[in-house]
1. Considering only residues that are out of contact with any strand residue (DSSP E or B) (no Cβ under 7 Å at 6 or more places or on another chain) and open to solvent by less than 10 Å² (accessible area, probe 1.4 Å), which ones fall in the stretch 270-282?
2. Among the residues in the stretch 319-341, are any touching a Cys at 6+ places or on another chain (Cβ under 6 Å) and either open to solvent by 40 Å² or more (accessible area, probe 1.4 Å) or β-branched (Val, Ile, Thr) (or both)?
3. Determine if the stretch 44-55 includes at least one residue that is more than 16 Å from the ligand (Cβ to nearest atom) and open to solvent by 20 Å² or more (accessible area, probe 1.4 Å).
4. Of the residues ASP99, ASP141, only one is touching a strand residue (DSSP E or B) at 6+ places or on another chain (Cβ under 6 Å), closer than 30 Å to ASP214 by Cα and charged (D, E, K, R); which?
5. Of THR294, THR307, THR313, THR285, which residue is surrounded by 22 or more Cβ atoms within 10 Å (Cβ to Cβ) and more than 10 Å from the ligand (Cβ to nearest atom)?
6. Hey, any hits in the stretch 11-30 for a residue that's among the hydroxyl-bearing types (Ser, Thr, Tyr) and either within 12 Å of the ligand (Cβ to nearest atom) or part of a loop (DSSP other than H, G, I, E, B) (or both)?
7. Of all residues in the stretch 75-103, which are away from the ligand (no atom under 16 Å from the Cβ) and either under 21 Å from ARG242 (Cα atoms) or open to solvent by less than 30 Å² (accessible area, probe 1.4 Å) (or both)?
8. Looking at the stretch 256-269 only, could you name the residues that are open to solvent by less than 30 Å² (accessible area, probe 1.4 Å) and either part of a helix (DSSP H, G or I) or more than 16 Å from the ligand (Cβ to nearest atom) (or both)?
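The values are calculated or read from the model by the stated rules, or taken from the named source; none is laboratory data. If you're wondering where the values come from, they're calculated on a predicted model, not measured in any experiment. As a convention, Cβ positions derive from the backbone with ideal geometry for all residues, glycine included, and neighbour counts pool all protein chains shown. All accessible areas refer to the heavy atoms of the entire protein, side chains included, with ligands and DNA or RNA removed. Shrake-Rupley method; radii C 1.70, N 1.55, O 1.52, S 1.80 Å.
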Amino acid sequence: MYLLTLVGTRPNFIKAAPLHRAFSARAGIRSALVHTGQHHDQQMSEVFFAQLNLPKPAYHLGVGNSSVQTVTQQTAEIMCRLEPVLTTERPDWLVVIGDVTSTLAGALVAARLGIRVAHVEAGLRSGDRQMPEEINRILVDSLADALFVTEQSGVDNLQREGIADHKIHFTGNVLIDALTDFLPRATARNTVGRLGLSKGSYVLLTLHRPANVDTKAGLQHLLQLVASTARQCVVVWPLHPRTRANLQTFGLLSQLNSLPNVLLLEPQGYIEFLNLLDQADLVITDSGGIQEETTWLRVPCLTLRSTTERPVTTTLGTNQLFPDFTPETAEPVIASLLNSQPADSQIPPHWDGQTAQRIANILTQ
Ligand code: UDP
């Protein structure tokens, strides 16, 4: 059996690692990767291949992430370059992950060619179609032949949308497979100590969603939050390339650089970032995956969004949505989280490090 996994972005690489490992450990399975090139540089791509023991992709589509390219152009470009690859390779399954442009483009091409699509991280819904990811999730799930779900809400959403029960598999979370696998290495690397920080002495910040970082007003609002948080605690902020570029374009980078108590970093490798997450007092983010990682690590998380497609992180986990903040309303919330005891939270079902094995069992039946 031949399983081809399509990857394009940072979170895809991380989730592909346990999948590829589980697939290639099985007799009679050939597992390979196709990289679309959506994230392609050293910090957003190569470092993950090196740290996560991912094999060199069998194909690199070289699509790139140009700011002049629209999402539609990028989707079309990936589709055009992927079609001949899938026509030649004809895998038994194309495995697509998450909700990025590459995921949708891959599912569309495979479905057109009659190649079965396995969607890892299926069923998540924010209910907000302004998010390009939400459109991707809905379309990919409607095309997929096997849907691997991370939390009960995903099963409920898919059933409500009329997806046949036999296609839906509540297997858990491959992101947590990666986390449990790499956490000991992250602890040994001690990035926190190397940066002169210690456990529980800083707030970790990550922001990259267009709704937060694509306008000058939005970024100015965030900088006020950063300044107010930094009056209480050191703020560690690995800047996503999109966010850095927008700060630069709007002339806000020097203002940010001058804020005291803010440690600006380049995007971190996975091992380094895991240690920063694990030891943080509080995480403030708009990421999808980081809501889940903080839940597993039992680190309090404030998500600067009005919706989440990962509701279990708010009902069982440590996550709290925090959309309409002002520096004034944020200050007491952050102060109370910084001073609170570790959250009385639970780890969601099947977030146990065995998800990729379960997916491999089902795909190879
Ligand atoms: N991450 C990383 N380095 C960083 C920031 C994030 O390795 O500097 C990891 C993080 O642990 C998580 C994933 O990247 O697993 C989240 O990626 P991102 O927030 O870009 O995407 P999303 O989850 O929102 O799709």
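1. TYR270, ILE271, LEU274, ASN275
2. no
3. Looking through the stretch 44-55, at least one residue is more than 16 Å from the ligand (Cβ to nearest atom) and open to solvent by 20 Å² or more (accessible area, probe 1.4 Å).
4. ASP141
5. Matching residue, one of THR294, THR307, THR313, THR285: THR313.
6. For the stretch 11-30, residues among the hydroxyl-bearing types (Ser, Thr, Tyr) and either within 12 Å of the ligand (Cβ to nearest atom) or part of a loop (DSSP other than H, G, I, E, B) (or both): absent.
7. THR75, GLU77, ILE78, LEU82, VAL85, LEU86, PRO91, TRP93, LEU94, VAL95
8. LEU256
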